[in-house]
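Here's the structure we're looking at; comments come further down.
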Amino acid sequence: MLSYRHTLTAIIVATITTTTPAADWPAYRGHNGQGTTTDTTILSSSRDIGLEIKWVHELGSGYTGAVVGKGKVVTIYSDGTDDIVAAFDQNSGKPLWKFPIDKTYEGHDGSHTGGISTPLIAAGHVYALAPRGRFVALNLNDGKLAWSTDLVEDHDAVKPHYGFGTSPMYANDLVLLQYGTSASGENDIQPAAIAAFDPKTGQKKWTKGADSVQYQSPIIHASLGHDPHLIATGDKKIIAVDPATGDIAWQHDHGGGGARGVASLTPVPAGDRRYFLAYQDNASAMFTLDGESADTKFNEKWSGRQIRNSFNVPVYHDGHLYAYSSRFLTCVNADSGESVWKSRDPGDGFFILVDDHLIIATKEGSLHIAPVTTEGYKERAALKLYDDLTWSHPAFADNSIYLKGLNHLARIDIVRGQTQSTDLARKSAPPSSSKFGAFLKKLNAADDKQAVVDQFIATQKTFPIVEKNMVHFVYAGEGTDLAVAGDLFGARQEQPMTRVEGTNLFYHSMPLEADARINYIFMRDYTEIIDPRNDRNTSTNMVGRDMELAFGFGPEFPMSWFAMPDWKEPDYFKDPKSEGKFVVHEVESKIIKPRRNPFAPQSDQAKDESVKVATSVYLPAGYNESEERYPVAYIHGGQAARMKGQITTAMDNMSGRDVAPTILVFINHMPNFFAPNLDYPNFFKDELIPAIDAKFRTIAKPDARASIGHGFAGVSAILCAATSDGKVAKIGTQSPFLFGSASDLIMEHLPPAGDMPATIYYEWGKYDLRNPHENWNMAQGNRDFATAFKEKGFTYHGGEVHDGTDWSSWRNRYDKMFGTLFPPKNQ
């Protein structure tokens, strides 16, 4: 919701400001798409400035930015039924017209509802692209439809996973747009196009390019020092096209990849014949364009991790790049690639460059103005604008900023006057009644504060410091900027730690459940370290460096951990035994096909091959010495469960005591997690179960079979049991990653509870994988699914626990899960 503490000011300003001629910001990131303007503004003509809200509208959801032209402000949002293109009077904010471009594009797989593409104002029209591919021209004055075309149906385009997100540009009396095409009309992406449309008729004038396109947007730039070119990056190439003729001036492979890299890449001109590309998730590079026209060469000047992991597009100014690197504002020397400075303030977001100043909109909904300088971040004005998410670049016209938040649109004027207070930081303060709070009170009154800190640290037995329902993260040592990150805050997040002035002590305090167990790290001067005073260490591959999402596919990332007083450590890892035996058994499948990458499109996979699925079969102690038959637990994502989850170590100690002796079948196969289908479940019920029953002494009954999984494999566990035609009557799942597509597929195939008698252990962590900015929240997804599950008549054991994601969490409750599914005979 909007922060209304400035509402009165907004009303007064709105009533006394006179109408003045307005400059334009007609496209995504301005006239040429480069996010800059050198016009002289109040920023350089006034010593003191402030920010005041002129008008604001509460709209529906959407990532689209605002554009300004001919006295109008245009954006796109969802009203819950349709995606709406809407125009507002630039001066008063009065709504002028709106046009439903398509039915609402619902958020999925971590995205919020609404479109991505920012519209274009040109030639007396608004050009707007809907997520499913409808591309329209609307009369700027009244919003009436001039022409419409469908990129998918009319131009053989392929919709990216999150919908069309490219933003149109205008040059040489043409509307220019990027999109990927499919020559076969199927899902496989073939050479893509940069297309030019007649602005009056919508007729396609030309297409160029041989690349695939996701969410990239082009710019206009004189790449060879003379006539402007359309510069565009696809998934593999950077290309320059003469917009007047459609002739390709030059094109080169760039070598990029990644969702935050190449998938949303916009090229950044950075001096004479230089282009900066944030073309990898974890790295970026500067390239030089050498030679002339078709004989040019695209040579790497430098590359590194100085700028990485951000959806913001950097800007170039006076020999330096200004960018977000992860969540930190940074300045990098464009010649050498060396980092000049980093700043945690003002927070992660999106910015443009106006009159030698950065205008920054943070994802937390605040607005900031700071001069571009190599001396660090020096803020001139700030304003808390929205209380909800902001995910778009600001627009600027005639000393006013136009900002589309996820659910709002506002005009904010830059005014002459006293510089505003800019301290918007959230601070951590422990209750004065706590022991740590009392220590801080004593510390602040001391003459020799550092001596008091040293003595306090020396007397503490464990870190972090735990008091009843409070935890105090404490660091004392080298460093100027400290933060804490981990389960409590989510991926791509951290909380700054408060420094006690005059000491090397940093802390962050917060309430926490008495039975919680949590993974965390410190970030010291923007680099991750484990807590040096805590010897309880673990690792995860759900997140990685910069707390980036990895979903279990990245390298192991070290973390510290702690537990609150009421947490109980399991005993089944304390004295490891090796009583069970392993047998490797392969099952040939004619149903599933080999996949080179679990996230790759279907076209990138082999179509006509069968595959041998390897399983590692754990036989409980005594199996070879008896004729007894055993229940079977089929464990999806088997390799990780066996190696990282140490399930067999736990089972050796639990067997017969907490759990009936059980055969464990670790299935070493990964289906396509982001586009699940029934191939893997059909293999499970029609090929795997019969093969295991034929090879081993199993109890071949539904209530003696369990389908078990964790994370992504937890989705497979539920889906395989639900579609097993009654062959499996038990389900065990911990923190299933229930993205929209996976949840929908399960609900579509879940039989009525009466037709599927089942024993179900289903749990998730309150602090499961999530990101409040990006709509990733596995805990909330599981709460929603659990509600729908119950509404279908199912009951389950487990529920929400006060823990996080990954094996360091899940392994603590094996006794509950396996004991629920296969209790020992004496129970």
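The values are calculated or read from the model by the stated rules, or taken from the named source; none is laboratory data. Just so it is clear, the model here is predicted, and its values are computed rather than measured. Don't worry about glycine lacking a Cβ; one is built from the backbone with ideal geometry, like all the others, and counts go over all protein chains shown. Heads up: the accessible areas ignore ligands, DNA and RNA and are worked out on the full protein's heavy atoms, side chains in. Shrake-Rupley method; radii C 1.70, N 1.55, O 1.52, S 1.80 Å.
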Requested in this report: Report, by residue number, each residue of the stretch 456-486 that is crowded, with 20+ Cβ neighbours inside 10 Å and not in a strand (DSSP E or B).
Outcome: F463, P464
Query raised in the report: Just one of Y162, Y179 is modelled with pLDDT of 85 or more, of a type in the set (F, W, Y) and crowded, with 23+ Cβ neighbours inside 10 Å; which is it?
Result: Y179
Query raised in the report: Does V354 satisfy being closer than 20 Å to S392 by Cα and either among the acidic types (D, E) or crowded, with 19+ Cβ neighbours inside 10 Å (or both)?
Result: yes
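Yes/no per residue for (1) assigned to a strand (DSSP E or B); (2) charged (D, E, K, R); (3) in contact (Cβ under 8 Å) with a residue 60 or more places away in the chain; (4) within 16 Å of G405 (Cα to Cα):
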{"position": "H112", "(1), (2), (3), (4)": "no, no, yes, yes"}
{"position": "I116", "(1), (2), (3), (4)": "no, no, yes, yes"}
{"position": "V126", "(1), (2), (3), (4)": "yes, no, no, no"}
{"position": "R132", "(1), (2), (3), (4)": "no, yes, no, no"}
Report task. All but one of (1) touching a strand residue (DSSP E or B) at 6+ places or on another chain (Cβ under 7 Å); (2) crowded, with 24+ Cβ neighbours inside 10 Å; (3) in contact (Cβ under 8 Å) with a residue 60 or more places away in the chain hold for A87, so report the exception by its number. Result -> (3)
Report task. For N519, state whether it is touching a residue at least 24 places away in the same chain (Cβ under 8 Å) and surrounded by fewer than 18 Cβ atoms within 10 Å (Cβ to Cβ). Result -> no
**Report entry** Residue in the stretch 134-147 that is on the phi > 0 side of the Ramachandran plot, under 31 Å from the mean Cα position of the chain (by Cα) and either basic (K, R) or surrounded by fewer than 23 Cβ atoms within 10 Å (Cβ to Cβ) (or both) present
**Finding:** no
Report summary line: Counted residues in the stretch 487-506 being buried (at least 17 other Cβ atoms within 10 Å of the Cβ) and under 30 Å from S310 (Cβ atoms) come to 13
Query raised in the report: Does any residue in the stretch 627-653 that is in contact (Cβ under 8 Å) with a residue 60 or more places away in the chain and in a loop (DSSP other than H, G, I, E, B) come within less than 9 Å, Cβ to Cβ, of a residue that is open to solvent by less than 40 Å² (accessible area, probe 1.4 Å) and β-branched (V, I, T) six or more places away or on a different chain, and which pairs are these?
Result: R629/T698; P631/T662; P631/I663; P631/T698; G637/I667; G645/I635
Report summary line: Residues of the stretch 537-584 being crowded, with 16+ Cβ neighbours inside 10 Å, modelled with pLDDT of 90 or more and over 30 Å from S326 (Cα atoms), in sequence order, are M564, W567, P570, Y572
**Report entry** Matching residues, the stretch 202-226, being surrounded by fewer than 15 Cβ atoms within 10 Å (Cβ to Cβ) and either out of contact with any strand residue (DSSP E or B) (no Cβ under 9 Å at 6 or more places or on another chain) or under 15 Å from Y170 (Cβ atoms) (or both)
**Finding:** G225, H226
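Residue by residue, here is whether (1) touching a strand residue (DSSP E or B) at 6+ places or on another chain (Cβ under 7 Å); (2) among the hydroxyl-bearing types (S, T, Y) holds:
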| position | (1), (2) |
| --- | --- |
| E364 | no, no |
| I369 | yes, no |
| T374 | yes, yes |
| K378 | yes, no |
| L385 | yes, no |
| W391 | no, no |
| A395 | yes, no |
| L406 | no, no |
| G417 | yes, no |
Query raised in the report: Do you know which of the residues in the stretch 787-827 that are of a type in the set (A, V, I, L, M, F, W, C) and in a loop (DSSP other than H, G, I, E, B) is farthest from P661 (Cα to Cα)?
Result: F794
Query raised in the report: Is one or more of the residues making up the stretch 221-229 closer than 22 Å to K301 by Cα and out of contact with any Phe, Trp or Tyr (no Cβ under 9 Å at 6 or more places or on another chain)?
Result: yes
Report summary line: Being more than 20 Å from M643 (Cα to Cα) and β-branched (V, I, T) narrows T498, T538 down to just T498
Report task. Go through (1) modelled with pLDDT under 95; (2) under 37 Å from the mean Cα position of the chain (by Cα); (3) over 18 Å from R813 (Cα atoms) one by one and return the number of the condition M643 breaks. Result -> (3)
Query raised in the report: Condition test on K727, is it touching a Lys or Arg at 6+ places or on another chain (Cβ under 8 Å) and either at pLDDT 95 or above or under 18 Å from D515 (Cα atoms) (or both)?
Result: yes
Query raised in the report: Which one of the conditions (1) touching a Lys or Arg at 6+ places or on another chain (Cβ under 9 Å); (2) closer than 25 Å to V728 by Cα does D784 fail to meet, given that it meets all the rest?
Result: (1)
Report summary line: Residue pairs qualifying under the 6 Å Cβ cut-off, at least six apart or on distinct chains, with the first in the stretch 243-254 being surrounded by fewer than 17 Cβ atoms within 10 Å (Cβ to Cβ) and the second being of a type in the set (S, T, N, Q), are A244/N172
Query raised in the report: Filter the stretch 758-803 for residues that are open to solvent by 20 Å² or more (accessible area, probe 1.4 Å) and among the hydrophobic types (A, V, I, L, M, F, W, C); which is nearest to the chain's Cα centre (by Cα)?
Result: W776
